[in-house]
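Peer 1: I have a structure I would like to understand better, so I am pasting it below and will then ask my questions one at a time.
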Amino acid sequence: MQSISSFNLVDLLLDAVCVVQVDSTIVFVSPAFERIFGYAPDEVIGKRMLDLVHPDDLAATQHQAQIVTQGELQLQFENRYVRKDGSIAHIRWTARWLPDMQVRLAVAHDITERKATESMQAVIYAISEAAHTTHNLQALFLHIHQIVGGLLPATNFAVALYDPHDDRLSFPYHVNEHLPAPEPMALAEDARYAEVIRGGATLLLTPDALVAKATHWRPASHAAQAATAAAPGAQGPLYWLGVPLQTQRGPLGALVLQSYTEQGRYTDKDKELLQFVSTQVAAAIERKQMYERLEHMAQYDQLTHLPNRQLFLDRLKTALARARREQTLLSLLFIDLDRFKEVNDTLGHAMGDLLLQRVAQRLLECVRASDTVARLGGDEFVVLLEGGQAREHATTAANKILAAFGQDFDLEGQRLYIQPSIGVAIYPEHGGEEHHLLGHADEAMYLSKRNGGNQVRVALVSQHS
């Protein structure tokens, strides 16, 4: 049996042994160097080790090399290197200075896989944390973009959401250096998205695949054509990487990365990485969507989708504070439908509900986007007008609503006229607190109704206001 002493033990080590001069010129590396860094020993002898260091780690590496040269033993310094194939190697070093030979002796231990595992654990935690801490879906999408960008080139990043009821795609988050966000489209209008979402598999398109399938995957609409063309030379992306967002209830949509340069190319390893991340992303988006639905249900009237009483009172409180600070007027219009009960009694509650929906839409058409229209309950609505400088602003808006109700309502082919009674209260004339203003507007509305309805009444000034 051959003696152990006859083997060159350094050649058998899985870690790479390196000997470099003061300026980091390589004088010796063991065979394991090729496994870790991608370069055969004869390719790097005479080259500087520092030239292989990742640019972001160069300064720290130079500092550590200087410390070792001064005689300090290095046991656990970590940095990154660019391998021969362009990929990144994470290395943990032990090193010491050999004064007699004037060289540094170092052993490189490859911790790339460990770093990848730690990175993925951090990503999972970060995505889960984002689902709990971001305020809305847009903030969540931005956070996910940043997280994915820490793993892969993600200059061009999109979240496409799929609505199975309409079989349509929307693009609530779309960052692209050449193109605006596509308009919502039928899923069939872009075969790439259709393959990812319907097929449920990650799709990586490289330049060769994109050219080969360009004819087969020609988009069916102008919007989809724009989505596949890029500004420079009207060429599309060189690389297209899409991953489905799967949930237990079915496909939620897709994450898509695009690259217009070889420097941002995607590989099968990137494909696997994005596929792993997508599971966490889908869970985070589904959680945030559920939260926003519950929040909407708590704050909005389910029939008309207008703000409900609680949300209206919150907005009124905020608006009053702003009016005090800016010394502007604020107006409330309290609106009640005349003889609405007769509609329910004669046409049924379904028609009554449809009428309330039509009324809500007409009220929204009568006011500015900055104003608030809310449903307090039953056939009672309220309009909050901010930023007024003249008392007449409230009565003008009220009379505009009154005139709008002069047009009949179309209830699935049945024409119906309904008239409103409107009461007006103005800050600061009719009070400085929410309940004062709302009470005065309510009283003015009842005064209108007692006098025959279909009219506007402004609240009387009370000494108790």
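The values are calculated or read from the model by the stated rules, or taken from the named source; none is laboratory data. Source: prediction; values computed, not measured. Cβ sites come from the backbone with ideal geometry, for glycine too, and all protein chains shown count toward neighbours. These accessible areas exclude ligands, DNA and RNA; they are computed on the full protein's heavy atoms, side chains included. Shrake-Rupley method; radii C 1.70, N 1.55, O 1.52, S 1.80 Å.
Peer 1: Say whether the condition of being open to solvent by 90 Å² or more (accessible area, probe 1.4 Å) and of a type in the set (A, V, I, L, M) is met by at least one residue in the range 65-75.
Peer 2: Yes, some residue in the range 65-75 is open to solvent by 90 Å² or more (accessible area, probe 1.4 Å) and of a type in the set (A, V, I, L, M).
Peer 1: OK, next. Going through Ala398, Ala374, Ala323, Ala404 one at a time, which residue ends up being over 21 Å from Arg457 (Cβ atoms) and within 41 Å of the chain's Cα centre (by Cα)?
Peer 2: After ruling out the rest, the residue left standing is Ala323.
Peer 1: Condition check: surrounded by fewer than 20 Cβ atoms within 10 Å (Cβ to Cβ), in the same structural domain as Lys288 (by TED's automatic domain parsing) and at pLDDT below 95. Does Ser170 satisfy that?
Peer 2: no
Peer 1: How about the range 418-437: which of its residues are closer than 18 Å to Glu380 by Cβ, touching a residue at least 60 places away in the same chain (Cβ under 8 Å) and surrounded by fewer than 22 Cβ atoms within 10 Å (Cβ to Cβ)?
Peer 2: Ile418, Gln419, Glu434
Peer 1: For the range 191-211, state whether one or more residues are modelled with pLDDT of 90 or more, open to solvent by 60 Å² or more (accessible area, probe 1.4 Å) and in contact with a helix residue (DSSP H, G or I) (Cβ under 9 Å, 6 or more places away or on another chain).
Peer 2: Scanning the range 191-211 turns up at least one residue that is modelled with pLDDT of 90 or more, open to solvent by 60 Å² or more (accessible area, probe 1.4 Å) and in contact with a helix residue (DSSP H, G or I) (Cβ under 9 Å, 6 or more places away or on another chain).
Peer 1: The conditions are (1) in contact (Cβ under 8 Å) with a residue 40 or more places away in the chain; (2) among the charged types (D, E, K, R); (3) assigned to a strand (DSSP E or B), and Asp442 fails exactly one of them. Which is it?
Peer 2: Against the list (1) in contact (Cβ under 8 Å) with a residue 40 or more places away in the chain; (2) among the charged types (D, E, K, R); (3) assigned to a strand (DSSP E or B), Asp442 comes up short only on (3).
Peer 1: Among Ala122, Ala130, Ala116, Ala106, which is the only one that is under 30 Å from Ile26 (Cα atoms) and at pLDDT below 95?
Peer 2: Residue meeting the stated conditions: Ala116.
Peer 1: Next question. Picking from Arg322, Arg287, which residue would you name as being assigned to a helix (DSSP H, G or I), open to solvent by 50 Å² or more (accessible area, probe 1.4 Å), touching a residue at least 60 places away in the same chain (Cβ under 8 Å) and in the same structural domain as Glu429 (by TED's automatic domain parsing)?
Peer 2: Residue meeting the stated conditions: Arg322.
Peer 1: Further question: Restrict the check to the range 91-108 and report whether at least one residue is within 34 Å of the chain's Cα centre (by Cα) and surrounded by 15 or more Cβ atoms within 10 Å (Cβ to Cβ).
Peer 2: no
Peer 1: Restricting attention to strands (runs of 3 or more DSSP E) lying wholly within the range 14-98, give those where 3 or more residues are touching a helix residue (DSSP H, G or I) at 6+ places or on another chain (Cβ under 9 Å) and within 28 Å of Asp270 (Cα to Cα).
Peer 2: 74-82, 88-98
Peer 1: Sort out which residues of the range 109-151 are part of a loop (DSSP other than H, G, I, E, B) and either open to solvent by less than 30 Å² (accessible area, probe 1.4 Å) or in contact with a strand residue (DSSP E or B) (Cβ under 8 Å, 6 or more places away or on another chain) (or both), and write them in order of number.
Peer 2: Within the range 109-151, Ile111, Thr134 meet the criteria.
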